[in-house]
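Notes follow once the structure below has been shown.
The values are calculated or read from the model by the stated rules, or taken from the named source; none is laboratory data. Values in this document were obtained by computation on a predicted structure and should not be read as measured data. FYI the Cβ positions are ideal-geometry reconstructions off the backbone, even for glycines, and counts take in every protein chain you see. These area figures cover heavy atoms from the full protein model, side chains too; ligands, DNA and RNA do not enter into them. Shrake-Rupley method; radii C 1.70, N 1.55, O 1.52, S 1.80 Å.
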Amino acid sequence: MASVNQRVDNYEGHDYYNLDELLNEDHLLARQAVRDWVKKEVTPIIEDYSDRHVCPKHLFKGLAEIGAFGPSLPTEYGGGGMDEIAYGIIMQELERGDSGVRSMASVQGSLVMYPIYRFASEEQKRKYLPKLGNGDFIGCFGLTEPDHGSNPAGMITNVVDDGDSYILNGAKMWITNSPVADLAVVWAKNEEGEILGMVVEKDAKGFSAPEIHGKWSLRASITGELVFEDVRVPKSQVFPSVKGLKGPLSCLSKARYGIAWGAIGAALDCYDVALKYSQQREQFGRPIGAFQLTQKKLAEMITEITKAQLLAWRLGSMANIGKASPAQISMAKRNNVHMALTVAREARQILGGMGITNEYPIMRHMMNLETVLTYEGTHDIHLLITGMDVTGFNAFG
Ligand code: TGC
Ligand code: FAD
């Protein structure tokens, strides 16, 4: 198969329930700008970078230029000053290109800029946010540890008070962007067992961020560890206004919201490719789209995509007035990612043997979505969040 993808990307979206009527001019303009950028900058290179398992780092600057970092954060702090629906639409168009490219933006905007904006001192905000917003700095978010993934409350990474500084020890695992990051937002326990957030710069003595190799999923996104060996962190680097797990979990709510929208983009790309293929590919003297079994697949795909679009739009409307609860966000993340993975699997079948090649984006989306199903809270953890919300009983521990 071609080592560099030759795909002609003539994607124009699918809107079966006329949801565009619910969008405003700003949403539509943002969508078109990001769609154009993805066609120009992502589609032509993404199969090659995924194939080589290399992160297209040069895209960070372009992502900043199209306003993909913190679209709903205030402009004075490096964000885009848009609403939550615009943020969602931007994530959707990026993930239409590749989940890893959307990850680059999610982490920078929702997991690095957002906690600094929300919890840091004014001095920290002024120091970091403009440079994160324009892509001069790359950030990462360290919550997960080798032995504590779904249960971050059990973390063992810790700080010990040493006058004007803390001494940080421990390790974080599976951290998007860590090997290329200039700074890390790190969550660690103090001597009282309270979780604190802090910014650790890459040059800090005792800090390293080795890359994790061998991923079959999200291959165009770079993932690594964070290792802290007696790292001295000045107290001015610690977030003054948050303690406890609600700090990192509130960042996750912001990022999970973006994924609920983003996953629809991957599904739309798979649907778009499969629909066009079914209209052109002939077997038994007819287009395969004329067979009932192919129509069943396509009809179910667009039905599930449309339901996910409605869920995301309603969630966005609630988020705009500060009324999207963490549990509502969990439901949308879980449903929409699973929907996208199912759509990718069905689309792959419609393309027959061609579906497994890198001439089409479907297998790449499918493999990417296996990560998206797991990170930011696994499929089953989000089910348990909904279960707890509706029953009042905690089934985690
Ligand atoms: P629990 O007792 O339920 O909650 C502790 C405190 O946090 C509050 N809270 C939230 N606040 C904001 N947003 C949320 N989503 C929140 N969920 C809970 C809660 O009200 C409480 O506040 P307070 O004031 O009472 O202290 O905590 P728990 O220890 O029982 O944990 C619950 C559980 C299992 C749901 C949580 O630990 C969880 O969500 N686990 C999943 C872990 C996870 O999602 N990790 C993601 C790591 S980052 C990542 O994957 C980035 S991928 C990046 C990319 O490339 O895109
Ligand atoms: P585990 O928690 O060990 O779970 C394994 C299985 O057990 C899952 O199926 C889970 O659903 C199930 N399980 C766990 N507990 C329960 C329970 N109580 N009841 C029922 N089932 C349960 N983390 C970061 O902090 N920052 C990042 O930037 C980041 N980026 C990532 C990038 C990639 C490519 C990947 C793969 C992960 C990333 N993560 C990141 C980590 C991610 O959030 C975790 O992988 C995820 O939270 C799950 O943790 P785990 O892998 O340790 O699985």
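Please state the shape class of region 1-144: rounded when a/c is under 1.5, otherwise prolate if a/b exceeds b/c and oblate if not, all from the C-alpha gyration tensor. Each step should come with its number before you reach the end.
Working: a/c = 2.34, a/b = 1.28, b/c = 1.84.
It comes out oblate by the Cα gyration axes.
Please list the non-local residues whose amide H lies under 5 Å from the amide H of L245, H modeled 1.01 Å from N, same-chain partners needing a gap of 5 or more.
Placed amide hydrogens put I195 under 5 Å from L245.
Among the lysines, which have Cα under 23 Å from the Cα of K215 when same-chain residues fewer than 8 positions away are ignored?
Reachable lysines: K57, K172, K333.
Could you check which residue among I329, I116, I288 shows the biggest mean-square fluctuation in a GNM of the chain with a 10 Å Cα cutoff?
Answer for the Gaussian network model of the chain: I288.
With an 8 Å Cα cut-off and a minimum separation of 6 or more residues, compute the relative contact order for the chain in percent. Can you show the working numbers first?
Details: 752 pairs, mean separation 71.1, N = 397.
Relative CO of the chain lands at 18 percent.
Using Cα atoms only, what is the angle between the long axis of helix 43-52 and the major principal axis of the chain, expressed in degrees (0 to 90) to the nearest 10?
So the helix axis and the longest Cα principal axis differ by about 60 degrees.
Separation between the D161 and E25 pseudo-spin-labels, each 7 Å from Cα along Cα→Cβ, expressed in nm?
Result: 5.6 nm between the two label points.
Taking all protein chains as present, what is the carbon and sulfur share of the accessible area of region 19-133, in % to the nearest whole number, probe 1.4 Å?
Values: 2020 of 4070 Å².
Looking at region 19-133 in its full context, I get 49 percent from C and S.
Kindly write out, for region 361-375 in residue order, the coupling ³J(HN,Hα) from the Karplus curve 6.51 cos²θ - 1.76 cosθ + 1.60 (θ = phi - 60°), rounded to whole Hz, with x marking Gly and Pro.
x, 5, 5, 5, 4, 4, 5, 4, 5, 4, 5, 4, 5, 9, 7
Using unit Cβ charges (K, R positive; D, E negative) and no other charged atoms, how large, in debye to the nearest 20, is the dipole of the chain about its Cα centre? Mind showing how you got there, number by number?
Values: 40 positive and 48 negative charges, 129 e Å.
Using Cβ point charges on Lys, Arg, Asp and Glu, the chain gives about 620 debye.
GNM on the chain, C-alpha springs below 10 Å: top fluctuator among Y16, Y375, Y271?
Checking each option, the largest mean-square fluctuation is seen for Y16.
At what distance in angstrom do the alpha carbon centres of region 225-246 and region 314-391 lie from each other?
31 Å
Name the long-range amide H neighbours of T223: under 5 Å, sequence gap of 5 or more, or other chain; modelled H, no Pro or chain starts.
Excluding prolines and chain starts, which carry no amide H, the hits are N177, I212.
For the chain, state the semi-axes of the equivalent ellipsoid (square roots of 5 times the eigenvalues of the alpha-carbon gyration tensor), sorted largest first and rounded to whole angstrom.
Values: eigenvalues 270, 93, 81 Å².
The three semi-axes for the chain are 37, 22, 20 Å.
Once phi is turned into ³J(HN,Hα) by the Karplus curve 6.51 cos²θ - 1.76 cosθ + 1.60 with θ = phi - 60°, what whole-Hz value does each residue of region 338-348 show in order, with x for glycine and proline?
5, 4, 5, 5, 5, 4, 4, 5, 5, 4, 4
Please identify, among P179, P287, P210, the residue showing maximal mean-square fluctuation in a Gaussian network model of the chain using a 10 angstrom Cα cutoff.
Sorting by GNM fluctuation, first place goes to P287.
Can you give me the Cα centroid spacing of region 97-137 and region 197-215 in angstrom?
Distance between centres, Cα-based: 16 Å.
So what J values fall out for region 202-217 if you push phi through Karplus, 6.51 cos²θ - 1.76 cosθ + 1.60 with θ = phi - 60°, rounded to Hz, Gly and Pro as x?
Ordered by residue, 3J(HN,Hα) equals 5, 7, 4, 5, x, 9, 9, 9, x, 7, 9, 9, x, 7, 8, 10 Hz.
For E145, which sequence-distant residues (separation of 5 or more, or a different chain) have an amide H within less than 5 Å of its own amide H, given hydrogens modelled in the peptide plane?
The answer is M173.
Hey, which of these cross-link pairs are over 21 Å Cα-Cα: K276/K297; K40/K131; K39/K296? If you can, show how the numbers build up before the last one.
Values: K276/K297 13 Å; K40/K131 25 Å; K39/K296 29 Å.
Flagged as over cut-off: K40/K131; K39/K296.
For helix 246-280, what angle does its Cα long axis make with the longest principal axis of the chain, in degrees from 0 to 90 and rounded to 10?
Approximately 20 degrees, to the nearest ten.
Which angle between 0 and 90 degrees, to the nearest 10, do you get for helix 292-320 versus the longest principal axis of the chain when only C-alpha atoms count?
Orientation of helix 292-320: about 30 degrees from the principal axis.
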